[in-house]
1. Failed condition for GLY234, given (1) within 16 Å of the ligand (Cβ to nearest atom); (2) open to solvent by 10 Å² or more (accessible area, probe 1.4 Å), with all others met?
2. What are the residues in region 94-106 that are touching a helix residue (DSSP H, G or I) at 6+ places or on another chain (Cβ under 6 Å), open to solvent by 10 Å² or more (accessible area, probe 1.4 Å) and more than 16 Å from PRO58 (Cβ to Cβ), if any?
3. Conditions first: (1) assigned to a loop (DSSP other than H, G, I, E, B); (2) more than 27 Å from SER84 (Cβ to Cβ); (3) within 12 Å of the ligand (Cβ to nearest atom). VAL216 passes all but one, so which condition is the exception?
4. Exactly one of these conditions fails for SER61: (1) touching a residue at least 12 places away in the same chain (Cβ under 8 Å); (2) closer than 30 Å to PHE358 by Cβ; (3) more than 15 Å from the ligand (Cβ to nearest atom). Give me its number.
5. In region 143-195, which residue that is charged (D, E, K, R) and touching a Pro at 6+ places or on another chain (Cβ under 9 Å) is nearest to the ligand (Cβ to nearest atom)?
6. Regarding ASP207, is this residue among the charged types (D, E, K, R), in a loop (DSSP other than H, G, I, E, B) and surrounded by fewer than 17 Cβ atoms within 10 Å (Cβ to Cβ)?
7. Take THR70 and tell me if it is closer than 29 Å to GLU169 by Cβ and either outside the structural domain of GLY314 (by TED's automatic domain parsing) or in contact with a strand residue (DSSP E or B) (Cβ under 8 Å, 6 or more places away or on another chain) (or both).
8. Restricted to region 53-83, and to residues that are open to solvent by 50 Å² or more (accessible area, probe 1.4 Å) and in contact with a helix residue (DSSP H, G or I) (Cβ under 9 Å, 6 or more places away or on another chain), which residue is farthest from HIS306 (Cα to Cα)?
Amino acid sequence: MDFSLSPALLELQQRTRRFIAEQVIPLERDPRQTPHGPSEALRRELVGRARAAGLLTPHASRELGGLGLTHVEKAVVFEEAGYSTLGPTALNIHAPDEGNIHLLEQVATDAQKERWLRPMVQGHTRSCFAMTEPAPGAGADPSMLATTAVRDGDDYVINGRKWFITGAEGAAFAIVMARMEDGSASMFLTDMDRPGIRIERLMDAMDSCFTGGHAVMGFENLRVPAADVLGELGKGFKYAQVRLAPARLTHCMRWLGQARRAHDEALAYARERQAFGKPLGEHEGVSFMLADNDMDLHTARLHIWHTAWLLDQGQKGNFESSRAKVVCSEAEWRVVDRCVQILGGQGVTGERIVARIFSDMRAFRIYDGPSEVHRYSMGRKIVAGRA
Ligand SMILES: Cc1cc2nc3c(=O)[nH]c(=O)nc-3n(C[C@H](O)[C@H](O)[C@H](O)COP(=O)(O)OP(=O)(O)OC[C@H]3O[C@@H](n4cnc5c(N)ncnc54)[C@H](O)[C@@H]3O)c2cc1C
């Protein structure tokens, strides 16, 4: 592995860093930021700024208008974008669109790409990914999928309920996972304004960084034409992996940027704030926390870069992306938790961005596979000699 950055990637890193500092961070306290994420108006303004800076949807292929970044290049750019709570929204690299863009590029037909993918890459539309269901349906164990798709003439008829569906409110289309009559799973593309789709309510969540928040949705006799099946019938679980392995790695990248931001805030405070006759940072208890932060940030970055490099070599990287997801989500969380501690009372208030990052980041240890499920899956592979 070569860890050096090419001159072009260094320039892109610096350009993204400047863009985030000058055009995005000043909007972090914009009143169009709501408990269910940046409003659509704020999102559009941010996306417009990224478009003007030539940084919009950089992970999409050049043919579609992106920068065609490799996984390693994404690691560098997404960390920079993650430095602001609004950065991933601005660059159009937030979940779930980022993973959906990757999946559609891999498996959608040309007609599906023109209809759904291109407008999303251009930042004009948003999407959602509907897999998780209330009990007894799919959660940590996707094989419990309960939503059904039944063939009827040229259509599939979908029935079921989903929840935690990020960005569903205001999305132009959804990718829906459903179980077929033979027990396999498939993915279906559907416009959100079709009869048979109902957003029941938005869930109150600890995070407020995703436009549209998280919805509970019902599908009642939703008719999807056979032409709108995504990829091949029966390959839903396989495509979920195609989407998730890189998607969980990009979460690691964005949240690394957030953790670095929290660390920088805490470090500045520790240098200036005095207690017991000297700056906080000169107390061993605080400097050890900063040293632990440095180690966690570095460990997370190494796991991200290594796994990204494997994906760039054409490897599936499922085991490594599970490992990176656990290492990063836990290391980055420890960093932010320490930063709250170093900032004292301000760390838990809106006086500092760190409290926002703390609330936004907690769910990262749960979505795209809870830490325990990744350990469970890795443990089985290790014992079976398949790691
Ligand atoms: C903020 C947020 C956004 C989300 N966005 C989406 C989205 O856009 N689309 C979507 O489809 N889903 C989304 N999800 C759902 C997410 O993927 C699920 O919450 C996750 O898969 C866990 O499922 P569950 O909540 O049903 O937990 P459960 O399945 O009920 O599991 C609960 C807990 O049990 C433990 N557990 C489970 N299995 C094991 C095991 N084998 N060994 C040890 N412990 C275990 C884990 O600690 C786990 O956290 C989102 C969730 C959150 C919180």
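1. Failed condition: (1).
2. Passing the criteria: only GLN106.
3. For VAL216, the exception is condition (1).
4. Result: SER61 fails condition (2) only.
5. So in region 143-195, the residues charged (D, E, K, R) come out as 151-152, 154-155, 161-162, 169, 179, 181-182, 191, 193-194.
If we keep only those that are touching a Pro at 6+ places or on another chain (Cβ under 9 Å) too, we end up with 154-155, 161-162.
Values: ASP154: 27, ASP155: 23, ARG161: 12, LYS162: 6 Å.
Among residues in region 143-195 that are charged (D, E, K, R) and touching a Pro at 6+ places or on another chain (Cβ under 9 Å), the one nearest to the ligand (Cβ to nearest atom) is LYS162.
6. Working: among the charged types (D, E, K, R): yes; in a loop (DSSP other than H, G, I, E, B): yes; surrounded by fewer than 17 Cβ atoms within 10 Å (Cβ to Cβ): no.
The answer is no for ASP207.
7. On the way: closer than 29 Å to GLU169 by Cβ: no; either outside the structural domain of GLY314 (by TED's automatic domain parsing) or in contact with a strand residue (DSSP E or B) (Cβ under 8 Å, 6 or more places away or on another chain) (or both): yes.
Considered against the rule, which asks whether it is closer than 29 Å to GLU169 by Cβ and either outside the structural domain of GLY314 (by TED's automatic domain parsing) or in contact with a strand residue (DSSP E or B) (Cβ under 8 Å, 6 or more places away or on another chain) (or both), THR70 comes out as no.
8. Keep residues of region 53-83 that are open to solvent by 50 Å² or more (accessible area, probe 1.4 Å), which gives 62-63, 65, 70, 73.
Retained after the next criterion (residues that are in contact with a helix residue (DSSP H, G or I) (Cβ under 9 Å, 6 or more places away or on another chain)): 65, 70, 73.
Working: GLY65: 27, THR70: 13, GLU73: 12 Å.
My answer is GLY65.
The values are calculated or read from the model by the stated rules, or taken from the named source; none is laboratory data. Source: prediction; values computed, not measured. Cβ coordinates were reconstructed from backbone atoms using ideal geometry, including for glycine residues, and neighbour counts include every protein chain displayed. The area values use the complete protein model at the heavy-atom level, side chains included, leaving out ligands, DNA and RNA. Shrake-Rupley method; radii C 1.70, N 1.55, O 1.52, S 1.80 Å.
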